[in-house]
There are 4 protein chains.
Amino acid sequence: MTETNPTDSQTTVTELKAVVQKFVDERDWNSFHNPKNLAMSLAIETAELMEHFQWLTPEEALVVKDDPSRKHAVGEEVADCLSYLLAIASKLEIDLATTLRAKMIRNAVKYPVPDGGTANPSEK
Amino acid sequence: MTETNPTDSQTTVTELKAVVQKFVDERDWNSFHNPKNLAMSLAIETAELMEHFQWLTPEEALVVKDDPSRKHAVGEEVADCLSYLLAIASKLEIDLATTLRAKMIRNAVKYPVPDGGTANPSEK
Amino acid sequence: MTETNPTDSQTTVTELKAVVQKFVDERDWNSFHNPKNLAMSLAIETAELMEHFQWLTPEEALVVKDDPSRKHAVGEEVADCLSYLLAIASKLEIDLATTLRAKMIRNAVKYPVPDGGTANPSEK
Amino acid sequence: MTETNPTDSQTTVTELKAVVQKFVDERDWNSFHNPKNLAMSLAIETAELMEHFQWLTPEEALVVKDDPSRKHAVGEEVADCLSYLLAIASKLEIDLATTLRAKMIRNAVKYPVPDGGTANPSEK
């Protein structure tokens, strides 16, 4: 049902922020949620995401998504990361859409599209 | 201008994913963007975010947002984290809105709203 | 007994490296232990260490060591971090004692001892 | 000269801890060095270490040590990680040699040496 299960194309960033904020408010966790703790928390969840790929070759990592149970487990970690990133943005009053687009414009200057070769992110 | 600068309330998750995907496609970085490398990259950007709060007390961390230049610098790191998280979701074909909402429902079972006290996230 | 339980003052870095290397060799894990995987592993273990301090105030973090069971739990994570750091050093043929001392000399130039005030690591 | 440049086989863990502690004491950084900040700092330095391997294949990561300037750069990050790990151990009064050996014994129970095959760390 669309009403209860809107997908990415039906959900704004503000709506996602509200999902997380409601959860935090209901539990009265705002006093724990200073930006220092939230940044640490994002790092902790990111490490749990990395753990799924820790011993895999890059090739093995690519096919994780074809195994429904592994894809689900990875999705859980991605959701945890996203929830902390949204909490950080809310706490710092950062508009993610504006900030992301502005950053990508600066990144485009830093890493110009090559004339006919492949850019190498290692040269960052 | 709304057309060029849509905010979080005017931007869907799919639109944000597209911003990142276009950047990656133009630079032909897809071969570097396996989920293992992307998870590492998210961890690296998260560490750069943490760096802004490394030596601050929780109280000092709370007021970073009141200093425009520090808020801008932190926003840059938040944007970098978000861009990698969106890239991971795209690569793994994860719908973030669906996955986040489902995860929050499971989290709500795990951390029920207390009857009249404050839940403590340390008891996770 | 000193023979079975040598302490930090009775143990060289080479001896600690050997403890880890023996463990890896016995399990035939060398093929998994390339520096990329090991750096990821160190980051994962470090996150588990951070988890113990995630929601604590700096003051609460200081007294964790006074609670034997929490100190033991934190020690487990510190040992995991150390084992990966030693494995990285072995794999990359890095002499830790030499490298650490050389780095501290460079750091001393970068952060000179203040004349009578307190240096602030935030100014790094 | 052995006196000024003792290697890993000539340096105890206690001696390395003292190198770091002297540096911290001279700069009066003890008030910043609570275990929460130090664990964050270790995570930040570990991310800088990961950055060297971010876009490399496992095969490319293995030969980083053969390029003196890259090996030096990686060594700097390894030293930074080690300095924070030693600081954490000092702050928490953890004997690293004892703790590491005890942890390896527990790990050996968890990951027994296989009878004639290769153990897989993914099965952790």
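In the stretch C:24-50, the residue that is farthest from residue D:39 (Cα to Cα) out of those that are within 8 Å of another protein chain (Cβ to nearest Cβ) and touching a residue at least 24 places away in the same chain (Cβ under 8 Å) is C:34.
Residue under question is residue D:46, and the condition is that it be surrounded by 23 or more Cβ atoms within 10 Å (Cβ to Cβ), touching a Ser or Thr at 6+ places or on another chain (Cβ under 6 Å), outside any loop (DSSP other than H, G, I, E, B) and β-branched (Val, Ile, Thr); does it hold?
Working: surrounded by 23 or more Cβ atoms within 10 Å (Cβ to Cβ): yes; touching a Ser or Thr at 6+ places or on another chain (Cβ under 6 Å): yes; outside any loop (DSSP other than H, G, I, E, B): yes; β-branched (Val, Ile, Thr): yes.
Answer is yes for this residue.
When residues in the stretch D:61-111 are screened for being β-branched (Val, Ile, Thr) and either touching a strand residue (DSSP E or B) at 6+ places or on another chain (Cβ under 8 Å) or surrounded by fewer than 16 Cβ atoms within 10 Å (Cβ to Cβ) (or both), 3 of them pass. The selection criterion, being of a type outside the set (Gly, Ala, Ser) and under 13 Å from the mean Cα position of the chain (by Cα), holds for residue B:16.
Looking across the stretch D:57-74, the residues that are over 16 Å from the mean Cα position of the chain (by Cα) and within 18 Å of residue C:84 (Cβ to Cβ) come down to D:58, D:61, D:62, D:64, D:65. Considering the stretch D:52-112, the qualifying helices (runs of 4 or more DSSP H), each wholly inside and each with 3 or more residues that are within 8 Å of chain C (Cβ to nearest Cβ) and in contact with a Leu (Cβ under 8 Å, 6 or more places away or on another chain), run over D:68-91, D:96-110. For the stretch A:27-43, give me each residue that is in a helix (DSSP H, G or I) and at pLDDT below 95. The answer is A:27, and nothing else.
Is it true that residue A:87 is over 25 Å from residue C:60 (Cα atoms), among the small types (Gly, Ala, Ser) and at pLDDT 95 or above? Answer is no for this residue.
Checking the structure you have, find out if any residue of the stretch B:12-21 is over 30 Å from residue A:36 (Cβ atoms), within 14 Å of chain D (Cβ to nearest Cβ) and in contact (Cβ under 8 Å) with a residue 60 or more places away in the chain. Spell out how you get there, then give the answer.
Initial filter on the stretch B:12-21 (over 30 Å from residue A:36 (Cβ atoms)): B:12, B:14-15, B:18, B:21.
Remaining after also requiring within 14 Å of chain D (Cβ to nearest Cβ): none.
Within the stretch B:12-21, none of the residues are over 30 Å from residue A:36 (Cβ atoms), within 14 Å of chain D (Cβ to nearest Cβ) and in contact (Cβ under 8 Å) with a residue 60 or more places away in the chain.
The values are calculated or read from the model by the stated rules, or taken from the named source; none is laboratory data. Note that the coordinates shown come from a computational prediction; the quantities given were computed from them, not determined experimentally. Ideal geometry is used to build each Cβ from the backbone, glycine not excepted, and the neighbour counts take in all protein chains shown.
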